[in-house]
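Here the structure is laid out as C-alpha cells; the discussion comes afterwards.
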Amino acid sequence: MNPFIPILAARSAWNRRLTLGMMVLSVALSVVLLVGIERLRTDARTSFAEAVSGTDLIVGARANPVELLLYAVFRIGAATNNMGWPSYLALADDPAVAWTVPLSLGDSHRGFAVLGTTSAYFDHFRHGDRTPLKIAQGKRFEQLFDTVIGADVATASGYRLGDRITLSHGAGDTVLAEHGDKPFTVVGILARTGTPVDRTVHVSLEAIEAIHLNWQGGAPVPGLSIPAEFARKFNLTPKSITAALVGLHNRSDVFAAQRRINAARAEPLVAVMPGVALDNLWQMVGTAERTMTGISALVAAVSFIGLVAVVLAGLGERRRELAVLRSVGAAPRDVFTLLAFEGLLITLSGVVLGLALLTAAASLLGEFVLTRYGVVLRVRLPDGAELSMLLAIIATGLAASLVPGYRAYRMALADGLAPRL
Amino acid sequence: MSPSQAILIENVRFRWKPDLPWCLEIPRLSLGLGESLFLHGPSGSGKSTLLNLIGGVVIADQGGVHVLGCDFRHTRATARDRIRADHIGFLFQQFNLVPYLTVVENVLLPCRFSKRRAERCLLQSASPLAEARRLLARLDIAPNLLQRRVTELSIGQQQRVAAARSIIGAPEIIVADEPTSALDAGRQMAFLELLLEQCAQSSSSLLFVSHDRRLESAFSRTLALDEINQAHAKERDA
Ligand SMILES: Nc1ncnc2c1ncn2[C@@H]1O[C@H](COP(=O)(O)OP(=O)(O)OP(=O)(O)O)[C@@H](O)[C@H]1O
Ligand SMILES: [Mg+2]
C-alpha cells in the first residue's frame, strides 16, 4: 500500500471533521453502551463476590437462598424469616464449624442499615481478597449503646468518635419509628472496604434486644417506656437473629455441613454457599443482561449503518478528487484503501473516545453507583471480554468501511480521469 | 530499447460500452519525443476519451496504444497505473486539485505516487519540495500562497498550480485537456507560453487538447481529431 494513502485519508477526514465528528460520537456512544454494560456486569460480579470472601456458608431460616444472601450480605430486598437463637448456638457447636458470626438486621439509621452482631464479626468477616476489617479510628463496641460505623456512614453524616446517634425501626421506605429514647455513641469508624460494610451501622446483638424491649409486634407498646439505664438489667440474649456467617475448619467439609444444616430438625434452616447463590443470582439477571447487550449491539449496528451512509454520501462530492488522484497515478486499489481508511479512522476514533467517556463516567458516577448499588466501578484498561468486544466493534467498522471503499473502487474504474457528474 | 515515439496509436477502436457505437476509430496517431501537438475537435468528438486511453485508465477494444514503447495490450492495470504515475503529467480544464491539500502538497502529489518523479526533482533542485517551490515561482505563484488551501486560490492561480503539478518530476509526456478554457485570452497565451517553456526545459512531449484554434500557432503540429477519427466520419456520413 502507498504510505501516503493514510495521510491523505486523515487530511480528507479532517477537512470534513464536523460531519465525521458526529459519526465518531455515534460510534463512541455505542462503545460506551456495549463496553459499559459489560463492565458494569463484571464490576457488579466482582463487587458482590468480594463482599463475602472468606465465608463458607450463610445460614438462615429456610428461604430462597438468593434472597437470603441478598438480604444478609447486601441489605437488598425484603427481610427473610428469622432463625432461632438455639439453632444458632447449635450451629456454633457443629464440629466442622470453626467460627460463626450472628447477623441481626431490620433497623436503620438515616438510610444506612443497622447490623447487630458480636465481636466475632470483626475477627472473621472478610472482604475483597480475604482482607479483614480494619478500624480506622476508635475501637470495637464494648458498652451496650456503643456503635461502630462504616466509612460511608461517617463521611455522609460527618460523624466523629463520641457523636451520639439514634436508630430507627425498619429500613428504607418502611421506617416506622425512632428509637429516640436510646441513643448510641460512636466508638469506632471502620476503614473503607468498598462493600456494604461501609454503609452499615454496627451495634451489639444485645443492643438490638435492648432497643426493642418496649416493643411488641413491630411497634412500641403504648405507655411502656424503659429508660436506657435500666435496659442493662434485662436479659438481653436474643431470641432470634436474621442469619449467621459460618466459617469451616476445612473447606472440603462444606457440602457435608450444608447437608447437615439443611436437615436440622429443630427448625427449617437453609445453608447457602455464597458463590453458588451468586451464580444463581447472575443466572436470574442473565436474561436482562442479554437484552441490554442485544439493544446495545443494535445501537452499534445503527451507528455503523450511519457511518456507511455518511461516507457514501461524501463520496459523490469526492469523485473529482478521486479522478485527480487517479491522474497522478493512484490505482483503483489506492482509491479503495483511501475510503476504507476513512471508515476505519472514524471507528478507531470512536473507540478511543468511547473508552475515554467510559473512564470519565466511571470516575464521575463511581461514588453514586457505589452508595446506591454497592458496585465498585473500576477505572481500568479494557481486558478479556471487553477487549474482544472492542475488537468486534473495530472489525465491524472495518467491514462497514469496505462498502464505500468498494463503491469508490468501482467509480474509479468507471470514471477514468474525468468524473461523470 | 528507447522508443522512437512518446505515444503511438495504431488501428485503435474503442467504445465505452459494448452496446454503444465506436467512440474512437483511429488508424494512426503519434506524438514524437519532445514534440508539442495541438489536438482539436468539437465537443463530444472523443478527445477526453483518447486521453483516458493514453493514461491507461481504459483499454482499447482493438489495436494498440503504445506509451513510451510500452504496448498497453500486454500491460496489466497496475503496470499501466505505474506508467501513468512515472511518465505522464496530466492537466485538466478544471477540478485539477485536491481541495483539502495546500498548494505545495498538491504540486507534490505526483511525487507521492511515483518514486521516479520524486527522484527526478533532484535534477533541478535539492528536494521535491524545493522543486515544487521553484516551479510555483516560475509560474508566478506568490510565496505567501504556498501553504494556503487551493480552494482559496483564483481559477487562474489554480490552473498554474495544476501546471506545476503536471510538470514536477519532469515526466516524458504531458497531457493537457483544455487547461486554458477558464482563462481570459491574455492569460491563456501567457499560461501556454509558460507551459511550453517548462516542457522544453524538461524535454517533455506535450499533447494539448482544445477546441480553441487560436492557440494552435504555438505548437509544432496540429491535428483535428474528427478528421482522423473514423467513427465520427461514419456518423457524419450516415
Ligand atoms: N466514462 C464514460 N462512460 C461512458 N461514456 C463516456 C465516458 N466518457 C465519455 N463518454 C462518451 O464518449 C463520447 C466522447 O466524450 P469525450 O468526453 O471524450 O468528448 P470530448 O471530445 O472530450 O468533449 P469535450 O470537448 O466536451 O470535452 C461522448 O459521447 C461521451 O458521452
Ligand atoms: Mg473533454
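The values are calculated or read from the model by the stated rules, or taken from the named source; none is laboratory data. None of these values were measured; they are calculated from a predicted model. Positions of Cβ are generated from backbone atoms using ideal geometry, with glycine treated the same way; all protein chains shown enter the neighbour counts. With ligands, DNA and RNA removed, areas are computed over all heavy atoms of the protein, side chains included. Shrake-Rupley method; radii C 1.70, N 1.55, O 1.52, S 1.80 Å.
So the values come out like this:
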| read-out | value |
| --- | --- |
| Rel. contact order, % - alpha carbon contacts under 8 angstrom, at least six apart, chain A | 26 |
| Computed over chain B: relative contact order in percent, which uses C-alpha pairs under 8 Å that are six or more apart | 29 |
| Those residues of region A:329-345 for which accessible area with every protein chain present is at least 40 Å² below the isolated value (1.4 Å probe) | A:Gly329 |
| Interface area, B with A, accessible, probe 1.4 Å, both sides summed, Å² nearest 100 | 2300 |
| Cα-based shape type of region B:80-136, given that a ≥ b ≥ c are square roots of the gyration tensor eigenvalues and the cut on a/c is 1.5 | oblate |
| HN-Hα J in Hz across region A:31-41 - Karplus 6.51, -1.76, 1.60, θ = phi - 60°, x for Gly and Pro | 5, 4, 5, 5, 6, x, 5, 4, 5, 4, 4 |
| Accessible area in the full protein assembly, largest first, 1.4 Å probe, for A:Asp253, A:Asp129, A:Asp383, B:Asp177 | A:Asp129, A:Asp383, A:Asp253, B:Asp177 |
| Over 29 Å [Cα-Cα, region A:220-376], rounded percent | 62 |
| Backbone HN-Hα couplings from phi across region A:252-267 [Karplus 6.51/-1.76/1.60, Hz, Gly and Pro as x] | 5, 7, 4, 5, 4, 4, 4, 4, 4, 5, 4, 9, 3, 8, 4, 7 |
| Region A:143-205, accessible area per residue, ligands and nucleic acids excluded (1.4 Å, Å²) | 36 |
| Using θ = phi - 60° and Karplus 6.51 cos²θ - 1.76 cosθ + 1.60, couplings along region B:81-93 (whole Hz; Gly, Pro as x) | 4, 4, 4, 4, 5, 7, 10, 10, x, 9, 9, 10, 4 |
| Electrostatic dipole magnitude of the protein assembly as shown [Cβ: Lys, Arg +1; Asp, Glu -1; Cα centre; debye, to 20] | 1040 |
| Whole-percent carbon and sulfur share, accessible surface of region A:179-218, 1.4 Å | 47 |
| Accessible-area value, B:Ile83, 1.4 Å probe, nucleic acids and ligands omitted, Å² | 30 |
| Residues of region B:5-237: accessible area per residue with a 1.4 Å probe, Å² | 41 |
| The protein assembly as shown - convex hull of the alpha-carbon atoms, volume per residue in Å³ | 239 |
| A:Arg41, A:Arg160, reordered so the largest accessible area comes first (probe 1.4 Å) | A:Arg160, A:Arg41 |
| Point-charge dipole on Cβ atoms (K/R +1, D/E -1) for chain B, about Cα centre, debye to 20 | 660 |
| Carbon plus sulfur fraction of accessible area for region B:5-237, probe 1.4 Å, in percent | 50 |
| Solvent accessible area, Å² - B:Glu178, 1.4 Å probe, full protein context | 20 |
| Principal axis dimensions, largest first and in whole angstrom, of region B:5-237 by Cα | 55, 38, 31 |
| Area accessible to solvent at A:Arg232, 1.4 Å probe radius, in Å² | 130 |
| Heavy-atom accessible area, 1.4 Å probe, ligands and nucleic acids excluded: residues of region B:46-90 down by at least 30 Å² from chain alone | B:Asn52, B:Val57, B:Asp81, B:Arg84, B:Phe90 |
| Sites A:Ala120 and A:Ala263 - FRET efficiency at Förster radius 30 Å, r taken between beta-carbons, to 0.05 | 0.75 |
| Estimated translational D of region A:57-272 in µm²/s (Stokes, Kirkwood radius over Cα pairs; 4 °C; 1.567 mPa s) | 73 |
